[in-house]
Each structure stands twice: as structure tokens, then as C-alpha cells.
Amino acid sequence: MSALSIIIDTDPGQDDAIALLLAAASPELELLGVTTVAGNVPLALTTLNACKVMELAGRRDVPICAGADRPLDVPLVTAEHVHGDTGLNGVQLPEPTLAVDPRHAVDFIIQTLREREAGTVTLCPLGPLTNIALALRQAPDIAPRIRRIVLMGGGFFEGGNVTPAAEFNFYVDPRAAHEVFTSGVPITMAPLDVTHEALTTAARIEAIRAIGNRVGPVVAAWMEFFERYDEEKYGQDGGPLHDPCVIAWLLRPALFSGRDCNVRIETASELTRGMSVVDWWAVTGLPANAQVLRHVDSDGFFALLTERLSRLG
């Protein structure tokens with residue numbers, strides 16, 4: 001069986017970094033490129049962090065392209081209070097020697113989708129959807145060529161994590177999220193409802209720390225830094241690993257359950273900017289435009305993550 005071809009669009013972020021490592025360690029996935037966007041921290045840092053993580057993974061073969069440094073039509077909001085001033089606080093990685101690809105992320109996405117056979121490339125956005133929306137604006141012909149967009153973003157029963165109504169990625173660029181969800185491209189959405197079940201308990205962190213390679217202690221340190229914010233915020237045993245859910249779904253969809261729903265994104269309201277309005281109970285009669293994940297087998301998820309991280313150097 002041939003590998004699934006993917007592009008990861010990301011704003012690392014500790015959980016983004018772990019998602020990148022999971023993808024890099026998984027032979028079922030052909031990682032065509034990593035594109036970066038401003039989100040958790042500004043673009044210069046998300047791009048630097050992507051280079052650091054791909055070097056840690058030993059994947060110098062994957063092009064890294066910098067993309068949008070701001071949302072489509074609102075000022076940039078970042079999340080250093082969650083991820084630290086570098087975006088990857090918790091452990092200090094060496095300065096990377098990996099060079100950034102000179103192509104703009106949007107151009108790379110468009111070029112790759114046009115060159116590859118239609119319906120074979122999956123886009124995996126882990127941050128604000130700015131680059132994806134810009135690519136669809138610039139080249140509408142790519143929409144039917146995308147196999148699927150599998151993204152982390154939104155929330156419904158769980159509400160929001162940056163406002164009462166909105167999850168961070170959609171809040172940062174609600175217009176981009178709206179344009180992606182109305183693009184007609186098949187979408188799988190991993191909202192807070194599912195990611196809040198993937199909790200980094202002490203036992204799970206220790207299992208990763210004990211892997212015995214150089215990656216294990218780095219990931220454990222990131223998890224401990226990241227969860228110090230979420231444990232205080234949510235009162236849970238551990239913090240949620242949001243973005244690796246995207247990659248885990250690609251590898252083991254049976255770990256997840258959900259349903260097809262109509263999803264709309266609020267762009268105008270000051271109160272609910274970036275809210276994902278998920279028609280879970282099908283009360284609107286509007287056609288489904290996304291597969292919305294609701295639950296995950298968290299033990300299976302962490303078993304997969306730990307096993308794959310053990311494959312890295």
C-alpha cells in the first residue's frame with residue numbers, strides 16, 4: 001500500500017512539534033513539505049521552530065516554506081502565554097542548520113497540488129488557516145485536487161479556549177476558517193472536544209521520557225511545559241495534545257469517533273468571533289461539510305505516539 005501524501009501547515013508550538021515528529025516517524029505518510037504560518041508565535045519563530053523540529057527528527061529531506069505572517073483581515077493574536085516566548089519553551093534545541101526553502105508556503109502548496117495527481121495530497125493544517133485560504137483564493141483550481149483537509153480547530157460542547165466561544169486557530173483568522181469550510185473540499189475537523197481527551201498524564205509523559213532516544217526527553221519536557229498552563233486552566237490531570245490528533249487520525253482513524261455535520265464559522269460578531277457553529281443534532285437541514293471528531297481512545301492514541309517516537313534517533 002502506497003504512503004499517503006501530506007503537507008503539514010503549522011505554527012509550532014509544542015503540540016505542533018509533537019505532531020511533526022509523529023508524522024516524520026510514520027512510514028505510512030509521505031511528508032511532502034512543512035509550511036509555516038503566524039499563530040502561536042510570529043512567523044519568524046514558527047519557521048525557526050519547524051526547522052529545529054525537523055532536524056531533531058532527522059528529516060532534512062523535507063522542504064520547509066514560510067507563509068503568511070498575519071491573518072487575512074484582522075490583527076495577529078499570538079499565544080506566548082501558553083507556549084512561551086519562543087513557542088517551544090521547555091527545552092532548548094540547537095540552532096538549526098537546515099535552510100528554509102525560498103518558495104512562499106502558498107506557492108509551494110499550489111505547485112505541489114498541481115504537480116501531483118489529483119486527489120492524492122492531503123493538507124494538514126495545525127494552526128490558523130491563512131495559508132490554506134490564500135492558496136484557495138489564488139488558485140481555485142486546486143480545490144478539487146485536494147484529497148482532504150484534516151485540521152485541528154474549533155470546539156462545540158467544549159466551547160472555546162481563547163474566548164468563551166472560540167478556539168485559538170479559528171479565532172486568529174476567522175475569515176480564513178470560513179473560506180476553507182465553504183470551499184467544498186472534504187474536511188475532517190479535530191476540535192477541542194476530541195483533543196481535550198488526549199491528556200498528557202504523568203504516566204504517559206514518563207513512558208515517553210523512558211523511550212531511550214534523544215527525542216523522548218525533549219517531548220517529555222515540552223509536554224510538562226505545555227501542561228502547566230492547561231492543568232491550571234482546566235483542572236485536569238495533564239494537558240491536551242491538540243495537534244497530534246490530526247496525524248493520529250490519518251494513521252489510526254479507528255481510534256476516533258464522530259459524525260458528519262454542517263460547520264459554519266462566525267466572522268462578524270465581536271462576542272463570538274471565530275466560533276465554530278457545529279450542527280451536531282442536524283437541526284438546520286444544511287448539508288454536512290465536515291467530519292467532526294468527538295471522542296478518541298486516549299490509551300490507544302498515546303500507545304501509537306510513544307511507539308512512533310521510539311523509532312526516531
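The values are calculated or read from the model by the stated rules, or taken from the named source; none is laboratory data. Because the structure is a prediction, the values reported are computed rather than measured. Using ideal geometry, Cβ is built from the backbone for each residue, glycine included, and neighbour counts are taken over all protein chains shown.
For the range 276-291, name all the residues that are assigned to a loop (DSSP other than H, G, I, E, B) and either hydrophobic (A, V, I, L, M, F, W, C) or buried (at least 24 other Cβ atoms within 10 Å of the Cβ) (or both).
Trp280, Trp281, Ala282, Val283, Leu286, Ala288, listed by residue number.
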Candidates Gly13, Gly33, Gly58, filtered to the one that is in contact with a helix residue (DSSP H, G or I) (Cβ under 8 Å, 6 or more places away or on another chain) and crowded, with 24+ Cβ neighbours inside 10 Å: Gly13
Pair list, Cβ < 7 Å and 6+ apart or interchain, from the range 202-226 residues that are under 21 Å from Asp299 (Cβ atoms) and of a type in the set (Gly, Ala, Ser) to residues that are crowded, with 18+ Cβ neighbours inside 10 Å and modelled with pLDDT of 95 or more: Ala210/Gly216; Gly216/Ile208; Gly216/Leu309; Ala220/Ile205; Ala220/Ile208
Criterion violated by Gly67 - all others in (1) buried (at least 23 other Cβ atoms within 10 Å of the Cβ); (2) closer than 22 Å to Cys245 by Cα satisfied: (2)
Qualifying positions in the range 36-47 - crowded, with 24+ Cβ neighbours inside 10 Å and not in a loop (DSSP other than H, G, I, E, B): Thr36, Thr46, Thr47
Residue list for the range 276-298, filter: within 17 Å of Thr195 (Cβ to Cβ) and under 20 Å from the mean Cα position of the chain (by Cα): Ser276, Val278, Ala290, Gln291, Val292, Leu293, Arg294, His295, Val296, Asp297, Ser298
Positions within the range 240-267 being within 19 Å of Thr163 (Cβ to Cβ) and either touching a strand residue (DSSP E or B) at 6+ places or on another chain (Cβ under 8 Å) or modelled with pLDDT under 95 (or both), in sequence order: Pro240, His242, Val263, Arg264, Ile265, Glu266
Residue in the range 63-83 that is out of contact with any helix residue (DSSP H, G or I) (no Cβ under 8 Å at 6 or more places or on another chain) and in a helix (DSSP H, G or I) present: yes
Some residue of the range 181-193 being farther than 22 Å from Val37 by Cβ, in contact with a strand residue (DSSP E or B) (Cβ under 8 Å, 6 or more places away or on another chain) and assigned to a helix (DSSP H, G or I): yes
Selection within the range 84-110 - of a type in the set (A, V, I, L, M, F, W, C), over 27 Å from Thr163 (Cβ atoms) and assigned to a loop (DSSP other than H, G, I, E, B): Val91, Leu93, Leu98, Ala99, Val100
Odd one out for Leu113 among (1) outside any loop (DSSP other than H, G, I, E, B); (2) in contact with a Leu (Cβ under 9 Å, 6 or more places away or on another chain); (3) in contact (Cβ under 8 Å) with a residue 40 or more places away in the chain: (3)
Flag if Leu76 is surrounded by fewer than 23 Cβ atoms within 10 Å (Cβ to Cβ) and not aromatic (Phe, Trp, Tyr): yes
Unique residue being assigned to a loop (DSSP other than H, G, I, E, B) and either surrounded by 18 or more Cβ atoms within 10 Å (Cβ to Cβ) or among the charged types (D, E, K, R) (or both) when the list is Arg264, Arg259, Arg294, Arg273: Arg273
Criterion (buried (at least 24 other Cβ atoms within 10 Å of the Cβ) and in contact (Cβ under 8 Å) with a residue 12 or more places away in the chain) met by exactly one of Val185, Val172, Val162: Val172
Those residues of the range 116-141 which are in a helix (DSSP H, G or I) and surrounded by 16 or more Cβ atoms within 10 Å (Cβ to Cβ), in sequence order: Thr130, Asn131, Ile132, Ala133, Leu134, Ala135, Leu136
